[in-house]
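Below: one structure, written as structure tokens.
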Amino acid sequence: MNDATHNSGLDAFRRASRVVIKIGSALFVDAETGTLDRAWLTALCDDIAALRTSGKEVVIVSSGAVALGRRELGFDARRARLEESQAAAAAGQILLAHAYQELLGRHGIKVAQVLLTLDDSESRRRYSNASRTLLTLLRADAIPVVNENDTVATQEIRYGDNDRLAGRVAQMISADCLVLLSDVDGLYTADPQTDATATHIEEVRDITPEILAMAGGPGSRHGSGGMQTKLEAARIALAAGCRMAIMSGRVERPIDALLHGARATWFVPVATPATARKQWIAGTLKPKGTLGIDAGAIKALGAGRSLLPAGVVRVDGDFDRGDAVRIVDSAGSELGRGLIGYSASEARAIAGSRSGRIEEILGYRGRDEMIHRDDLVLK
């Protein structure tokens, strides 16, 4: 093993302040009985508690609801129709949430269940809402447990896309590291189960066609994803400036094992999460509107503050909450771009008003900022 490569990935994980851990269902659903492997999950929750003690924020993306629910409802996994899998998800989500609540609760950790679909992560408004919810839960010192909302999903439930969802969640919260716990210990040049010459890949810096060609299909009885979906998650994570690891979870305490040098494939971005997010806002998203601001707001933005409604003198365009907008001065010169916290009609209603009047004007208490400084890029 290349020690520099290995230590680079490990050091970055140790320094990370915000981590997403994705857990494949094959790791904690017993292959023989279809029941929850409580001993393994208990040990993993011990790992997560240790991460919290070290000062890290943690989000869990967990598969397993469908597999657990099938046994609970008596469905045959080999012949389950889509609607039966959706029903199984509804039953299994309760079992899964209760297990995390109980096992993390032993460490005094609060848990919140968040159900998302890939559509939620790809619609700007729902993406923004989900991001704010996850960040609010982290600020409240809770661990969000995210699962695909398989009860309403259609294509996703057949595709097993919790890997890609984990990448989207890491992007939503600007995570430093994403760890995919799997039944394999990383990426190989070929399928190691069928090719004795397959070589383990220690580090990947770009998802090239050659890297994609190394991916095989699904390899376990309970999981429905494969290396292809893990590479798609890596593509999302790298674009968001998030380092990602694929490692085997088939040990009692996998995160502790990772911290002590367990084999993994590390995917290394060229930018930090903060830099990648700024580049995404400034150069990737197409602006849907324009905000004209006054001299006081220009001074506040220059000092690193958020854009408040009081400083907005003009609102142009048709946009929804979470869309990108241009910010201009009185002469129309662009000062920057940002993600708006209100729709166009709401922004027009509160423009020029103090944040304390937002509830009076709109009838509900929204964000104090028109654009939060974390969602703002100045030229």
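The values are calculated or read from the model by the stated rules, or taken from the named source; none is laboratory data. These figures come from a predicted structure and were not determined experimentally. Please note: Cβ atoms are built from the backbone with ideal geometry, for glycine as well, and neighbour counts cover all protein chains shown. Ligands, DNA and RNA are excluded from the accessible area calculation, which covers all protein heavy atoms including side chains. Shrake-Rupley method; radii C 1.70, N 1.55, O 1.52, S 1.80 Å.
Before moving on, here are some points about what is shown:
- Subset of the range 340-352 (residues that are crowded, with 16+ Cβ neighbours inside 10 Å and hydroxyl-bearing (Ser, Thr, Tyr)): TYR342, SER343
- Listed by position, the strands (runs of 3 or more DSSP E) enclosed by the range 88-206 that each have at least 2 residues that are at pLDDT below 95 and out of contact with any His (no Cβ under 6 Å at 6 or more places or on another chain) are 110-116, 142-148.
- Extreme residue, surrounded by the fewest Cβ atoms within 10 Å (Cβ to Cβ), among residues of the range 11-22 that are assigned to a helix (DSSP H, G or I) and modelled with pLDDT of 90 or more: ARG15
Yes/no per residue for (1) without any contact (Cβ under 8 Å) to a residue 60 or more places away in the chain; (2) closer than 24 Å to ALA215 by Cβ:
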| position | (1), (2) |
| --- | --- |
| ARG235 | no, yes |
| ARG243 | no, yes |
| GLY249 | no, yes |
| ARG253 | no, no |
| VAL270 | no, yes |
| ALA274 | no, no |
| GLY283 | yes, no |
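- Number of positions in the range 110-134 that are open to solvent by less than 30 Å² (accessible area, probe 1.4 Å) and either of a type in the set (S, T, N, Q) or under 20 Å from MET370 (Cβ atoms) (or both): 5
- Exactly one residue out of ASP375, ASP368 is exposed (fewer than 15 other Cβ atoms within 10 Å of the Cβ), among the acidic types (Asp, Glu) and within 28 Å of the chain's Cα centre (by Cα): that is ASP368.
- The number of residues in the range 88-109 that are open to solvent by 20 Å² or more (accessible area, probe 1.4 Å) and either in contact with a Gly (Cβ under 7 Å, 6 or more places away or on another chain) or under 18 Å from SER25 (Cβ atoms) (or both) comes to 6.
- Filter result for ILE358 (assigned to a strand (DSSP E or B), farther than 30 Å from LEU181 by Cα and open to solvent by less than 40 Å² (accessible area, probe 1.4 Å)): no
- Looking at THR53, THR42, just one residue is open to solvent by 60 Å² or more (accessible area, probe 1.4 Å) and modelled with pLDDT of 85 or more, and that residue is THR53.
- The one condition in (1) assigned to a helix (DSSP H, G or I); (2) closer than 25 Å to ALA324 by Cα; (3) free of Cβ contacts under 8 Å to residues at least 60 places away in the same chain; (4) open to solvent by 70 Å² or more (accessible area, probe 1.4 Å) that GLN228 fails to fulfil: (2)
- Residues in the range 234-261 that are among the aliphatic types (A, V, I, L, M), in contact with a Pro (Cβ under 9 Å, 6 or more places away or on another chain) and open to solvent by less than 10 Å² (accessible area, probe 1.4 Å): ALA237, MET244, MET247.
- Residue count for the range 25-52, restricted to those that are touching a residue at least 12 places away in the same chain (Cβ under 8 Å) and not in a helix (DSSP H, G or I): 6.
- Criterion applied to ARG70, ARG79 was being more than 30 Å from SER174 (Cβ to Cβ), part of a helix (DSSP H, G or I) and either open to solvent by 50 Å² or more (accessible area, probe 1.4 Å) or in contact with a Gly (Cβ under 6 Å, 6 or more places away or on another chain) (or both), and the one residue passing it is ARG70.
- Answer from SER85, SER25 - the residue that is of a type in the set (Ser, Thr, Tyr), more than 23 Å from the chain's Cα centre (by Cα) and surrounded by 20 or more Cβ atoms within 10 Å (Cβ to Cβ): SER85
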